[in-house]
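Beneath this line is the structure, given in structure tokens, with notes to follow.
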Amino acid sequence: MASFFLVNVRSFWMMLMVLAFGSSCYNTHQAEAARAFFVFGDSLVDNGNNNYLATTARADSPPYGIDYPTHLPTGRFSNGLNIPDFISRELGSESLLPYLSPELTGERLLVGANFASAGIGILNDTGVQFINIIRMYRQLEYFQEYQRRVAAIVGEDQAQQLVNQALVLITVGGNDFVNNYYLIPFSARSRQYSLPDYVKYLISEYRKLLHRLYDLGARRVLVTGTGPLGCVPAELAMRGSNGECSTELQRAAALFNPQLVQIIKGLNSDLGSDVFIAANTQQMSNDFIRDPQAYGFVTSKVACCGQGPYNGIGLCTVASNLCSNRDDYAFWDAFHPSERANGIIVQQILGGSTTYMYPMNLSTIMALDSRT
């Protein structure tokens, strides 16, 4: 397993913060072991649902999964573990199965489920080129179906308690830019909305999704913003200039993420509880993109797997360029972080300051919830 000991001063203090929480995390792991975990969103958190769908948005062929414990592709858009896998470890439980997996039956349902599907967005018209993907409305329908299945095993009251006490992660929004608004020149959405108005529309639709999660019983929801959209290898190759991030996509992320925090503040205020927790994954990723060497990476521009400039063109396949040491690369493929980068992001979710997590980090959530 990749080491996450970071070498810059800021990261050193971050690790001290994590260690300071160590005893409380250790004490809460037993309580958290029974805590269910649910995941919604796109390819950044998909654990393999798209393996069961007729879609091109798949990661079920080598070299995906090359560093996974089985060394086989799983449907994760990673060389190994993704963000939900690392969070599952912090909860003291096994990695989630995709909801469509035939193995997700009986007691395995009580651990939780991953409903995420690569290619989807906040909007139903995002990712239309992938055809058969699990759009957000359908992910939430599956969540309702999941609750009925669990109720059949443990009863309705216990099923409701399991959901209320669960941790939920939702990661969605990036595709609404790269696979919708900016997918082609003069796309339908870009002709319909200016970028600021499009962002406002996305945020209003995202608010509805979050409120629906609450209505379905979610009471602790980690909400990630978009990453640095213009700095991924695909955008460096297609829209960047001389290795610089795409200005327009960076502007999109800069408009979207602060407004997402504002709706989270508003929802929590309306509900009278810190149900929704904002994770500033743009800042988390920006840290190692701007200074990769400080985090032990050789590069944050070139993908480990791919072809063309920055290995940012096309899909990662057996015919692609493939780096020998994945831990040296912040990006695994043209769009997705490497396993090691995912681990660093989760360390910030776990112990990061309010620069990264609002209103609190995951360690604090776990400690607070263990007392209730």
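The values are calculated or read from the model by the stated rules, or taken from the named source; none is laboratory data. Note that the structure is a prediction, hence the values are computed from the model and not measured. Here the Cβ positions follow ideal geometry from the backbone for every residue, glycine too, while neighbour counts run over all protein chains shown. Just so you know, the surface numbers come from the protein's heavy atoms only, side chains and all, with ligands and any DNA or RNA stripped out. Shrake-Rupley method; radii C 1.70, N 1.55, O 1.52, S 1.80 Å.
Tell me whether segment 34-41 contains one or more residues that are at pLDDT below 95, open to solvent by 50 Å² or more (accessible area, probe 1.4 Å) and over 23 Å from C323 (Cα atoms). Checking segment 34-41: at least one residue is at pLDDT below 95, open to solvent by 50 Å² or more (accessible area, probe 1.4 Å) and over 23 Å from C323 (Cα atoms).
Which of the residues that make up segment 43-65 are closer than 19 Å to C304 by Cα and over 20 Å from the mean Cα position of the chain (by Cα)? Listed by number, the residues that qualify are S61, P62, P63.
Taken over segment 122-180, residues that are among the charged types (D, E, K, R), buried (at least 18 other Cβ atoms within 10 Å of the Cβ) and closer than 22 Å to S95 by Cα amount to 0. Of all residues in segment 195-251, exactly one satisfies the criterion of being within 23 Å of M360 (Cα to Cα), open to solvent by less than 10 Å² (accessible area, probe 1.4 Å) and over 18 Å from the mean Cα position of the chain (by Cα), namely G217. Among the residues of segment 296-305, not a single one is assigned to a helix (DSSP H, G or I) and either of a type outside the set (D, E, K, R) or farther than 24 Å from P84 by Cα (or both). If you take the residues in segment 127-158 that are of a type in the set (F, W, Y) and in contact (Cβ under 8 Å) with a residue 40 or more places away in the chain, which one is farthest from D46 (Cα to Cα)? Ranking the qualifying residues of segment 127-158, first place goes to Y146. Within segment 42-64, the set of residues being crowded, with 22+ Cβ neighbours inside 10 Å and either in a loop (DSSP other than H, G, I, E, B) or free of Cβ contacts under 8 Å to residues at least 60 places away in the same chain (or both) comprises D42, S43, L44, V45, D46, N47, G48, A57, R58, A59, Y64.
Whenever a residue of segment 188-210 is not in a helix (DSSP H, G or I), its partners that are not polar (S, T, N, Q), lying with C-beta atoms within less than 7 angstrom and at least six residues away or across chains, give the pairs Y193/Y201. In segment 292-315, how many are open to solvent by 10 Å² or more (accessible area, probe 1.4 Å), at pLDDT 95 or above and over 19 Å from N242 (Cβ atoms)? The number of residues fulfilling the criteria is 5. Within segment 105-120, the set of residues being open to solvent by 10 Å² or more (accessible area, probe 1.4 Å) and assigned to a helix (DSSP H, G or I) comprises G106, E107, R108, L110, V111.
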